[in-house]
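The values are calculated or read from the model by the stated rules, or taken from the named source; none is laboratory data. Remember, it's a predicted structure, so these values are computed and weren't measured experimentally. Please note: Cβ atoms are built from the backbone with ideal geometry, for glycine as well, and neighbour counts cover all protein chains shown. The protein model used for the area step is the full one, side chains on, heavy atoms only, and it has no ligands, DNA or RNA in it. Shrake-Rupley method; radii C 1.70, N 1.55, O 1.52, S 1.80 Å.
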Protein chains: 2
Amino acid sequence: MKLMQKTIDGIRPLDEGTMDKAKKRMDSLIKPIGSLGRLEEFAVQIAGITGNVNNTFEKKCTIVMAADNGICEEGVSSAPQSLTAVQSINFTKGIAAISVLSKHAGADIAVVDIGIKGELADSKVISRKVSYGTKNMVKEPAMTREQAIKAVETGIEIASDLIDSGCKLLGTGEMGIGNTSTSSAMLMVLTGAKADEVVGKGAGLTEEDFEKKKRAIEKAISINNPQKDDVIDVLAKVGGLDIAGLAGCYLAAAEKKVPIVIDGFISVMAALTAYKLNPLARDYMIPSHCSDEPGYKKASQALGLESVLNLHMRLGEGTGCPLMFNIIEASQAVMANMATFDEAALENDYLVDIR
Amino acid sequence: MKLMQKTIDGIRPLDEGTMDKAKKRMDSLIKPIGSLGRLEEFAVQIAGITGNVNNTFEKKCTIVMAADNGICEEGVSSAPQSLTAVQSINFTKGIAAISVLSKHAGADIAVVDIGIKGELADSKVISRKVSYGTKNMVKEPAMTREQAIKAVETGIEIASDLIDSGCKLLGTGEMGIGNTSTSSAMLMVLTGAKADEVVGKGAGLTEEDFEKKKRAIEKAISINNPQKDDVIDVLAKVGGLDIAGLAGCYLAAAEKKVPIVIDGFISVMAALTAYKLNPLARDYMIPSHCSDEPGYKKASQALGLESVLNLHMRLGEGTGCPLMFNIIEASQAVMANMATFDEAALENDYLVDIR
């Protein structure tokens, strides 16, 4: 609790002075002002985050929080619960989507067992288990308040360790069968949205199971009665350990002044959780793709951030992050390597004849 | 004329057999089917283009067609016309946005003087001038029909040469003060759109000059009376040499089975021109960003392609292409490097205890 509160309280606004310098530099480059749009905005935002006009990201990492969800008992997912464990290990073997896309981007992944139901033998998954999955929120709160806070603090520690070891850019991903149900439940409580607006079919539910999923989520909310103005209460009662862990990552990144990229629906719900704990945390976040999970857009609007990549992806794992890392690095290349009008004019003797 | 017609006639449909194989492989990878959205679709499309399930793009290049437009006499642009020449040279010096972003993507650029008004002394710009800019289309046709075809054929030759020298992925960019006016004029003729719907303020016109721009474009259309069913007539009368050259690039890429990326408004108008010459050409195109130029969306809809990057860029030069190259290469990494369910199952003995 002390670590969480200390981290929340330690988040400062972006460095306006450096942002002014970055904006001035960007406006002096040989292009119409603003014509590179958000590429310019990301470079200026990152200057405000780090306090440096120029930034490079040799070391960058997507943190993948893996956890199981008790609501799977209700048959809300088409995939077996064991897939949470299996895929978490696959991530570390370099054979899953997040592994392949991260390697393509020159980025690392840190896969964290923050609450998988079962023991993982001999793997590169980082073991930071808060519990063996959550309880079935249709019958009782998913977690105790203490567990939720412990998971947030675990995320703070994981992100802080990565930053301390030289990581300059973070991404957020997850693996957890049933976590579109927890994300939908949190979104419904926090925004008042209805199940029909935000619940999706996940990896491929039948119509019947889809209806069951919506009713289960509604029941979880009604029996637990989470208090929407107390986001930790919402997180504990109808959230998940993965969401809590990622919320901690966002808080730590903001407190330690490191840009952090949002992936899809679960990731953006964790971002919204961090934002509710301290709205300043949002200034350190960068969106990536617009997930096809129906809740994503609503959550993204609640957070007030507009996605960049329109790829109709709905996988999770953090797969939007390495794609976005490349665009963020492109924005830094523009800042560092384009010439200013003054610099270009110095060489401007090559035009012989403008008729 | 012969080269253009031969190229148009030589375009074949995508290779369905290879696309089936690629789709099958994609569906066997360890993720829910379709969950990587358009990343999967691009990989399958490219398999259909090249006839190979796996593709790599060591050599990739954005072709930047540079040309001047006679309509600049009417004061339709806030920038001096000489900027076409100055920026074209800056591109080759590695200091402009397209140069920096291409270097970031490990890609080349080929800057082509297809109609700059003036001689460029001693530069790396490829000299393939069809004329010293076009005529003022508010007073007479921008080009003769022969000039338009010659410019298309120049584009075919440039793209073909690059492909013959090993280039496996192409992008399309341009530099030409006044070319949002020509693009708007062509779009209005081809789709029946009104000036108020598609004409933008370019790099930063005053309200007064913006009105002047719209009226000039309308006048160019009314005095030249281009025939909408004859896209070469439209191109010649109210288009530009850059658009014509890029249209040729799209045709050559399709004929030679190489994927080609669309940039912004001018680039998509060239794509639409190629599509009107042979609708099959579209299957070889891949969109990149959604330009903030108001005509882009309308042109993109007319072409039937949905953009990928939402960055509010409006620079041109081809700047969307290197950003998209990275995403295309990510789609290839997925195809080549993810494991199938069968492969992953072979190692599936690491789960000790699912409680």
Counting only DSSP beta bridges with both residues in the protein assembly as shown, what percent are antiparallel, rounded to the nearest 5?
15 percent
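Over the protein assembly as shown, what number does the Rg to Rh ratio reach, with both radii from the alpha-carbon atoms and Rh per Kirkwood? Don't jump to the answer; show the numbers that get you there.
Values: Rg = 26.7 Å, Rh = 26.4 Å.
My calculation puts Rg/Rh at 1.01.
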Accessible heavy-atom area order of B:ARG38, B:ARG12, highest first, probe of 1.4 Å:
B:ARG12, B:ARG38
Residue among A:LEU162, A:PHE325, A:ILE89 farthest towards the positive dipole end of chain A, charges placed on Cβ
A:ILE89
Please compute P(r) over all alpha-carbon pairs of segment B:24-166, binned at 5 Å starting from zero, and give each bin as a whole-number percent.
2, 8, 14, 15, 15, 13, 10, 9, 7, 4, 3, 1, 0
Rg and Dmax [Cα atoms of segment B:89-138; Å; Rg one decimal, Dmax integer]:
13.1, 42
For segment A:60-327, accessible area per residue (1.4 Å probe, heavy atoms of protein chains only), Å²:
30 Å²
Per the rotation taking chain B to chain A, min distance Cβ-to-axis on chain B (residue, whole Å) equals B:ASN326, 2
Hey, with R₀ at 56 Å, roughly what FRET efficiency would B:ALA121 and A:LYS103 work out to, going by the Cβ-Cβ distance, to 0.05?
0.80
For segment A:148-160, 3J(HN,Hα) per residue [Karplus equation, 6.51 cos²θ - 1.76 cosθ + 1.60, θ = phi - 60°, Hz, x = Gly/Pro]:
4, 5, 4, 5, 4, 5, 4, x, 4, 5, 4, 5, 4
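Give me the percent of Cα-Cα pairs in segment A:60-327 that sit more than 27 Å apart, rounded to a whole number. Spell out each step's value before the answer.
Values: 9354 of 35778 pairs.
In whole percent, the long-distance tail amounts to 26.
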Env charge @ B:LYS212, Cβ radius under 13 Å, K,R +1 / D,E -1, value -2
Looking at segment B:110-156, which trypsin sites (Lys or Arg not before Pro) are DSSP coil and have at most 16 other C-beta atoms within 10 Å of their C-beta?
B:LYS124, B:LYS139
Apply the Karplus parameterisation 6.51 cos²θ - 1.76 cosθ + 1.60, with θ equal to phi minus 60°, to every residue of segment A:210-219 and state each ³J(HN,Hα) to the nearest whole Hz, in sequence, with x for glycine and proline.
5, 4, 4, 4, 5, 5, 4, 5, 4, 5
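If you build the Cα gyration tensor of segment B:133-230 and take the root of 5 times each eigenvalue, what three semi-axes come out, in whole angstrom, biggest first? Could the numbers behind the result be given before it?
Working: eigenvalues 163, 60, 31 Å².
Each semi-axis is √(5λ); the values are 29, 17, 12 Å.
Where the only charges are on Cβ atoms (+1 Lys, Arg; -1 Asp, Glu), what is the dipole of segment B:279-329 about its Cα centre, to the nearest 20 debye?
Numbers: 4 positive and 6 negative charges, 36 e Å.
Using only the charged Cβ atoms, the result is roughly 180 debye.
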Could you compute how much accessible surface B:LEU277 exposes when probed at 1.4 Å, giving the result in Å² to the nearest 10?
40 Å²
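Between A:GLU207 and B:SER28, what FRET efficiency follows from the Cβ-Cβ distance if R0 is 22 Å, with the result rounded to 0.05?
Working: r = 26 Å, r/R0 = 1.19.
Using R0 = 22 Å, I get an efficiency of 0.25.
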With the full set of protein chains in place, find how many percent of the accessible area of chain B is carbon and sulfur; take the probe as 1.4 Å.
49 percent
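Treat every Asp and Glu Cβ in segment B:60-327 as -1 and every Lys and Arg Cβ as +1, leave all other atoms uncharged, and give the resulting dipole magnitude about the Cα centre to the nearest 20 debye. Kindly include the intermediate steps, with their values, before the conclusion.
On the way: 28 positive and 32 negative charges, 39 e Å.
The calculation lands at about 180 debye.
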Tell me what chain B gives for mean residue ellipticity at 222 nm when only DSSP H runs of n ≥ 4 count, each as -39,500 (n - 2.57), the sum divided by the residue total, rounded to 500 deg cm²/dmol.
-15500 deg cm²/dmol
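Please work out whether segment A:207-350 counts as rounded, prolate or oblate from its C-alpha gyration tensor, where a ≥ b ≥ c are the square roots of the eigenvalues and a/c under 1.5 means rounded, while otherwise a/b larger than b/c means prolate and anything else oblate?
Values: a/c = 3.52, a/b = 2.14, b/c = 1.65.
In terms of gyration-tensor shape, prolate.
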Taking alpha-carbon centroids only, segment B:1-32 lies from segment B:303-330 a number of Å equal to 21 Å
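Which value does Rg/Rh take for segment B:1-47 over its C-alpha atoms, Rh per Kirkwood? It would help to have the intermediate numbers written out before the result.
Numbers: Rg = 15.4 Å, Rh = 12.4 Å.
The Rg/Rh ratio comes out at 1.24.
Of all DSSP beta bridges located in chain B, what percent are antiparallel, nearest 5?
Numbers: 1 of 22 bridges.
Expressed as a percentage, antiparallel bridges in chain B total about 5.
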With the dipole of chain A defined by +1 on each Lys or Arg Cβ and -1 on each Asp or Glu Cβ, the option from A:ALA339, A:ILE11, A:SER102 whose Cα lies farthest towards the positive pole is A:ILE11
Any chance you could look up the accessible area of B:LYS31 with a 1.4 Å probe, heavy atoms only, rounded to 10 Å²?
10 Å²
Counting only residues 5 or more places away or on other chains, whose amide H sits under 5 Å from the amide H of B:VAL64 once H atoms are built in the peptide plane?
B:ALA110, B:VAL111, B:VAL112, B:GLY173
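In the structure shown, do any of A:LYS150/A:LYS257; A:LYS59/A:LYS228; A:LYS93/B:LYS21 have a Cα-Cα gap over 30 Å, and if so which?
Working: A:LYS150/A:LYS257 22 Å; A:LYS59/A:LYS228 37 Å; A:LYS93/B:LYS21 25 Å.
From A:LYS150/A:LYS257; A:LYS59/A:LYS228; A:LYS93/B:LYS21, over 30 Å: A:LYS59/A:LYS228.
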Count, for each residue of B:108-119, the Cβ atoms from other chains sitting within 10 Å of its Cβ, then give me the mean as a whole number.
1
Dipole magnitude of the protein assembly as shown about its Cα centre, charges +1 at Lys/Arg Cβ and -1 at Asp/Glu Cβ only, in debye to the nearest 20?
400 debye
Total Å² of accessible surface buried at the A-B contact, 1.4 Å probe, nearest 100?
5500 Å²
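First check a/c for segment A:200-261, with a ≥ b ≥ c the square roots of the eigenvalues of its C-alpha gyration tensor; if it is under 1.5, answer rounded, and if not, answer prolate when a/b is larger than b/c or oblate otherwise. Walk me through the numbers before you get to the answer.
On the way: a/c = 4.17, a/b = 1.66, b/c = 2.51.
Since a/c reaches 1.5 but b/c is at least a/b, the shape of segment A:200-261 is classed as oblate.
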